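Have a look at the structure below before the remarks.
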Amino acid sequence: MAKPSKKIILAPSLLACDFSDIKSQLKQAVDGGAEYLHLDVMDGVFVPNISFGQPLIKSLRKSCDMVFDVHLMITKPERYIDDFIDAGADIITIHSEATENCKSTLDYIKSKGVKSAVSVKPKTPISSIYNLLDCCDMVLIMSVEPGFGGQKFMPEMLEKVVELKKESALRRLDLDIEIDGGIDASNALSCVEAGVNILVAGSSIFGKPDITAATKEILEKATGN
Ligand code: DX5
Ligand code: ZN
């Protein structure tokens, strides 16, 4: 396989963690090579599930050095950007389907020195966000319907990755491409080959008895080792 141009990063999703043992489980993931922490914020409106919000993120920030990758699955995310920045977000992802003010929200995130990203649900065409690429550091492609962990990976979403990668090269953008949903050791390499450089994984890390080994295995497979 040709060497990917960007470093491959694994972002364990807190949603799959045992919430009574967060500190120790995160340490095990870091020991396995995880660098980002993917934080799924759900409001019960944009998606049919409620997860956690700013207070949890703020309190984790005190003891965790990982890059906080906050995935906002909430309606009108522009209402809460300041709160998530104050809580310690390093990257904030909004959904293109969640607001009519994507461009100004992404510009605002960037203006605050935080990385901005836009995400698309499986049924949203990737070309629908091409007008936003100039305001983004990263695009998050959902490979399951957002709302729940533990769902099956949709391989056809890799076509979106390939398309986006081409568009990004054509426009000479230095975009990160993240994929989220159903990622495990069996499909990580296909994601990287399509153009992904950041992999989110929840149940395939925290659902395993040995979190460190599970993290290492996904990273090794993703990098073709
Ligand atoms: C789904 C979330 C995902 C989810 C991933 O709405 O955005 O981040 O937690 O979990 P797994 O890896 O179990 O599909
Ligand atoms: Zn997510």
Filter result for Thr93 (in contact (Cβ under 8 Å) with a residue 24 or more places away in the chain, touching an Asp or Glu at 6+ places or on another chain (Cβ under 8 Å) and either among the acidic types (Asp, Glu) or buried (at least 20 other Cβ atoms within 10 Å of the Cβ) (or both)): yes
Yes/no for Ile85 being more than 13 Å from ligand 2 (Cβ to nearest atom), surrounded by 21 or more Cβ atoms within 10 Å (Cβ to Cβ), farther than 21 Å from Leu219 by Cα and modelled with pLDDT of 95 or more: no
Failed condition for Lys152, given (1) within 30 Å of Thr105 (Cα to Cα); (2) among the charged types (D, E, K, R); (3) within 16 Å of ligand 1 (Cβ to nearest atom); (4) in contact with a Gly (Cβ under 7 Å, 6 or more places away or on another chain): (1)
Condition broken by Ile141, with the remaining ones in (1) under 22 Å from Ala169 (Cβ atoms); (2) open to solvent by less than 70 Å² (accessible area, probe 1.4 Å); (3) away from ligand 1 (no atom under 14 Å from the Cβ) satisfied: (3)
Complete set of residues in the stretch 169-225 that are small (Gly, Ala, Ser), open to solvent by less than 20 Å² (accessible area, probe 1.4 Å), over 21 Å from Cys17 (Cα atoms) and in a helix (DSSP H, G or I): Ala194, Ala222
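Looking only at the stretch 96-110, decide whether some residue is basic (Lys, Arg) and touching a strand residue (DSSP E or B) at 6+ places or on another chain (Cβ under 7 Å).
Here is the first cut: in the stretch 96-110, the ones basic (Lys, Arg) are 103, 110.
Checking the rest, the ones that are also touching a strand residue (DSSP E or B) at 6+ places or on another chain (Cβ under 7 Å) come to 110.
Yes, the stretch 96-110 contains a residue that is basic (Lys, Arg) and touching a strand residue (DSSP E or B) at 6+ places or on another chain (Cβ under 7 Å).
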Lys7 assigned to a helix (DSSP H, G or I) and open to solvent by 60 Å² or more (accessible area, probe 1.4 Å): no
Enumeration of residues in the stretch 59-103 that are within 30 Å of Pro125 (Cβ to Cβ), touching a Lys or Arg at 6+ places or on another chain (Cβ under 8 Å) and of a type in the set (Gly, Ala, Ser): Ala98
Residue satisfying all of: in the stretch 15-36; outside any loop (DSSP other than H, G, I, E, B) and touching a residue at least 60 places away in the same chain (Cβ under 8 Å); most open to solvent (accessible area, probe 1.4 Å) among these: Asp31
Meets criteria (touching a Phe, Trp or Tyr at 6+ places or on another chain (Cβ under 7 Å), closer than 22 Å to Leu199 by Cα, outside any strand (DSSP E or B) and β-branched (Val, Ile, Thr)) for Ile57: yes
Number of the condition not met by Phe148 [criteria: (1) more than 17 Å from Val192 (Cβ to Cβ); (2) open to solvent by 70 Å² or more (accessible area, probe 1.4 Å); (3) over 15 Å from the mean Cα position of the chain (by Cα)]: (3)
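The values are calculated or read from the model by the stated rules, or taken from the named source; none is laboratory data. What you are looking at is a predicted structure, and each value in this text was computed from that prediction instead of being measured. When we count neighbours, we look across all protein chains shown, and the Cβ atoms used for this are built from the backbone with ideal geometry, even at glycine. When the accessible area is computed, the model is the full protein with side chains, heavy atoms only, and any ligands, DNA or RNA have been set aside. Shrake-Rupley method; radii C 1.70, N 1.55, O 1.52, S 1.80 Å.
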